[in-house]
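Coordinate-derived values only; no laboratory data. Given the structure is predicted, the values throughout are model-derived calculations rather than measurements. Cβ: placed from backbone, ideal geometry, glycine included. Neighbour counts: every protein chain shown.
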Amino acid sequence: MKNEQLFLLPISSLKRVGPTLTSFLTKLIGQNKIFDLLLHKPIRAEKILFCPKIFEVPNDSLIILKAKVESHIKPANSRQPYKVICYTPSGYVNLIFFKIFPSQIAKMPIGSEIAILGHLQKLSGENQIAHPQEILPASQVENLPKINVIYPLGAAISQKFLSQKIHEVLEKIIEKDEEWIDANLVKQQNWLSFGAALKKIHNPQSESDFLPENPARKRLAYDELLAWQIAVLLAKTQLGKTKNLTKSNGNLAEKFLNSLPFEPTNAQTKAIQEILAEINSTKKMLRLLQGDVGSGKTVVAIAACLQAISQGAQACVMAPTTVLAKQHLSYFSKLLENSGIRVELLTSANSSKQKTKILSDLLSGNINILISTHAVLEDDVKFFNLGLTVIDEQHRFGVMQRLKMVEKGKDVDVLLMSATPIPRSLMMGLYGDMDISILNEKPKNRQEIETLVMSENKIEEVYQALKRTTLRGEKIYWICPAIEPSAENSESEIEPTLSNVKEKFAELSKIFGEKSVAILHGKMKESEKDKVMKDFANPHGDLRMLVATTVIEVGIDVSEATVILIENAENFGLSQLHQLRGRVGRSDKKSFCILLYGKKFGENQRHRLNILRQSNDGFFIAEEDLKMRGSGELVGTKQSGFPEFKIADLMFDSDLLKIANKQAKVILNSDPNLKNKTLQTLLKLFNYEDCLKVINAG
Ligand code: ADP
Ligand code: MG
């Protein structure tokens with residue numbers, strides 16, 4: 001493929017993108033290849049009014065004006081802006097600059113004719129454009145864009161910069177390139193080439209180009225789904241080969257189940273049977289364990305690990321965060337006390353001395369179960385005899401990337417545990433070729449969590465109620481969507497100001513007392529996070545309230561926590577809210593989930609939050625989430641909790657998913673090891689290169 005080289009370059013190879021910008025861009029787009037930048041698609045477009053009569057223009061319109069510069073008014077003090085007074089035949093306009101550079105001043109000599117692009121504000125009879133997006137000599141007015149394309153932004157990245165970088169790449173794309181989609185399908189769907197489709201989604205001509213039916217988006221969605229389906233099938237066939245079975249010489253799993261302090265649910269018993277049987281068979285396992293939050297997946301994982309150990313093998317459990325890995329360590333250790341099973345933890349936070357010891361014990365077979373994060377993927381981590389890998393809380397598509405784990409043993413079984421129930425209607429298409437066990441039942445001793453939907457205006461009442469909660473010795477999660485106040489120059493029109501943990505922490509510390517409140521977010525140091533989680537999990541400690549971002553979304557299990565409050569709840573997807581809610585209701589005490597909504601709250605959003613009030617069933621909520629999204633409710637796919645694609649959207653593209661599944665089978669039938677270079681490129685572009693490595697190794 002001709003474009004391959006360009007697409008696979010790192011974003012740091014772009015002009016004027018140094019290490020700092022690289023890291024901000026990577027954060028924004030989630031990956032660090034040029035192609036990932038191209039998958040960052042605009043969310044809307046704004047029409048630009050071309051030289052309108054000023055008095056006819058609605059306030060805050062984006063316009064292009066031709067004007068004559070009359071005078072510059074320099075600020076008398078640092079709080080005042082720099083003003084440039086301009087004349088147009090339909091009225092005066094003041095250009096306002098709170099910060100101005102000499103290069104900008106030079107673009108507006110007095111008496112000159114200029115072309116301006118910016119938002120026109122009408123403030124007490126004055127027409128203003130604050131910080132125009134472009135200023136050119138009037139003769140170049142035709143060079144200004146006709147439509148303003150808006151991208152989702154992240155810290156330190158501006159619209160202009162992002163759009164420039166994307167277009168810089170688009171210009172280099174060769175449109176006539178090798179095709180990986182079946183020619184008949186391309187013809188039948190009337191699709192553009194891959195390169196042309198990429199250009200098209202970044203150059204929308206009108207609002208309608210943002211509809212899901214846009215053929216350019218559809219085509220790219222198909223590319224993404226095809227890559228996914230090929231990856232799943234490859235993994236399935238490569239991993240599903242036969243394995244050499246060491247005769248099981250123990251019944252550790254059985255003993256463990258008999259020693260549990262509680263009765264396993266029927267669903268747990270069934271899933272454990274399915275999994276143990278497969279570990280005991282000559283078929284390599286690739287199985288997905290789907291279970292609602294709190295359904296007790298961890299116990300199933302432990303039983304699976306013990307089965308592998310019974311066969312003389314080692315097991316590894318991978319968690320998405322260090323916090324969760326630590327929690328697993330203490331849970332595993334507690335339930336496996338006196339069993340003679342050695343469980344160890346490996347994360348990037350280990351000292352090098354600890355690490356050396358763990359690595360050597362792992363290699364000699366002295367460790368039975370290793371609990372880890374992605375740190376285990378590093379090449380120097382080697383096992384004596386790895387027989388099972390459990391990948392926990394992997395609802396994002398990292399699944400395929402994590403398959404690298406199978407290279408670490410000769411015959412490795414894989415158990416994927418999914419945090420988010422996926423609607424049945426999607427599951428078949430998505431994972432149709434994977435074996436699935438389902439936990440659709442909760443432990444019996446649970447009380448239903450009561451969910452309240454409230455306006456943030458009622459915060460005083462909430463404080464009063466929470467004070468009573470803390471006095472009872474119970475604990476509270478307080479969730480905010482952001483870490484810090486959004487930067488001043490962020491696109492506030494897109495993202496209404498969201499509540500953030502830093503300010504909230506300060507506020508709540510005053511109300512509830514400093515000792516009672518702690519903060520937790522992803523940017524904190526590992527050791528700080530550790531300490532906070534430990535204090536919070538201590539039933540006898542002073543700490544009662546954790547002000548956190550969604551870092552606590554997955555897996556955290558603190559049974560004294562009985563209240564979770566979520567601010568700006570309207571900003572989260574239903575499945576994500578359900579996950580968060582699952583942090584409470586983990587004991588026989590009555591628990592509450594308080595969903596606080598902000599100012600921008602419409603009927604649709606009320607309806608969505610009410611679904612959570614009505615149901616505690618993750619599978620039901622996932623189905624409803626899917627339906628709502630179909631009815632035009634716009635929640636970013638990122639927040640929906642569904643498997644995350646960048647372009648494809650399972651609501652609109654389930655037709656394509658079916659076709660992709662069929663095509664992938666056809667492809668692999670004739671080319672089982674995917675020797676086809678073009679298709680290999682497809683997989684690399686969509687970040688399934690580890691999947692390719694698995695084949696090469698296998
Ligand atoms: P999840 O499926 O969300 O990962 P966990 O494995 O963390 O759930 O289990 C949640 C809690 O329920 C744990 O404290 C666990 O000990 C407990 N638990 C699991 N199975 C049962 C059961 N059958 N009866 C009672 N409690 C259980
Ligand atoms: Mg869990």
Descending principal axes extents, the chain, alpha-carbon based, whole Å: 92, 67, 49
Which of 136, 18, 596, positive extreme of dipole for the chain (C-beta unit charges): 18
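Of all GluC sites (Glu not before Pro) in the stretch 194-259, which ones are in loop regions per DSSP and have a Cβ with at most 10 other Cβ atoms within 10 Å? Each step should come with its number before you reach the end.
On the way: sites: 207, 213, 224, 254; in loops: 213.
Hits after loop and neighbour filter: 213.
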Set 534/589; 27/502; 27/525; 627/677; 146/200; 442/589 screened for pairs whose C-alpha atoms are more than 27 Å apart: 627/677
Intensity falloff of the stretch 506-551 expressed as log10 I(q)/I(0), Debye formula with alpha-carbon point scatterers, at q = 0.18, 0.19 Å⁻¹: -0.51, -0.57
Estimated distance in nm for a label pair at residue 506 and residue 155, the labels positioned 7 Å out from Cα along Cα-to-Cβ: 1.7 nm
Zero-based 10 Å bins, Cα pair distances in the stretch 1-102, whole percents: 12, 24, 20, 25, 17, 2, 0
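Provide the gained length on full extension for the span residue 255 to residue 143, in nm with one decimal, where the gain is 0.36 nm per separating residue minus the Cα-Cα distance.
Numbers: separation 112, 0.36 × 112 = 40.32 nm, distance 7.56 nm.
Contour length minus the Cα-Cα distance gives 32.8 nm.
Need the full-extension length gain, residue 90 to residue 361, defined as separation in residues times 0.36 nm minus the C-alpha distance. One decimal, nm. Present the calculation step by step, with values, prior to reporting the outcome.
On the way: separation 271, 0.36 × 271 = 97.56 nm, distance 8.04 nm.
Additional length available on full extension: 89.5 nm.
Rank-order 262-270, 534-542 by packing density, defined as the average count of other C-beta atoms within 10 Å over each peptide's residues, highest first. Don't skip to the end; give the middle numbers.
On the way: 262-270: 16.0, 534-542: 14.0.
Packing order, densest peptide first, comes out as 262-270, 534-542.
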Förster radius 56 Å - calculated FRET efficiency between residue 338 and residue 44, Cβ distance, rounded to 0.05: 0.40
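Go through the stretch 544-631 and name the trypsin sites (Lys or Arg not before Pro) that are in a DSSP coil and have 15 or fewer other Cβ atoms within 10 Å of their Cβ.
Numbers: sites: 544, 581, 583, 586, 589, 590, 599, 600, 606, 608, 613, 627, 629; in loops: 544, 583, 586, 589, 590, 599, 600.
Within the stretch 544-631, the qualifying trypsin sites (Lys or Arg not before Pro) (loop, at most 15 other Cβ atoms within 10 Å) are 589, 590, 599, 600.
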Cβ-derived FRET efficiency at R0 22 Å, residue 380 paired with residue 534, nearest 0.05: 0.15
Principal-axis tilt of helix 459-471 within the chain, Cα atoms, nearest 10 degrees: 20 degrees
Rg in Å to one decimal, and Dmax rounded to a whole Å, for the stretch 71-132 via C-alpha atoms: 11.3, 32
Linear extension gain, residue 73 paired with residue 27, 0.36 nm per residue minus alpha-carbon span: 12.5 nm
The chain: antiparallel DSSP beta bridges as a percent of all, rounded to 5: 40 percent
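For the ranges 255-261, 308-314, what's the packing order if you count other beta-carbon atoms within 10 Å of each residue, average per peptide, and put the highest first?
Details: 255-261: 12.9, 308-314: 22.9.
In descending order of packing, they fall as 308-314, 255-261.
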At R0 = 25 Å, FRET efficiency that the Cβ-Cβ distance of residue 206 and residue 665 yields, to 0.05: 0.05
Dipole-positive endmost among 90, 364, 419 within the chain (Cβ charges, Cα centre): 364
Cα centroid separation - the stretch 13-42 against the stretch 305-369, whole Å: 36 Å
Among 651-663, 512-524, the order from most to least packed when residues are scored by Cβ within 10 Å on average: 651-663, 512-524
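Assign unit charges at the C-beta atoms only (+1 for Lys and Arg, -1 for Asp and Glu), then state the dipole size of the stretch 210-369 relative to its Cα centre in Debye, rounded to the nearest 20. Could you put the intermediate results ahead of the total?
Numbers: 19 positive and 11 negative charges, 87 e Å.
Roughly 420 debye, rounded to the nearest 20.
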Pairwise centroid distance, computed over Cα atoms, of the stretch 554-631 with the stretch 175-253, Å: 31 Å
Size of charge dipole - the chain - debye, nearest 20, with Cβ of Lys, Arg +1 and Asp, Glu -1, no other charges: 840 debye
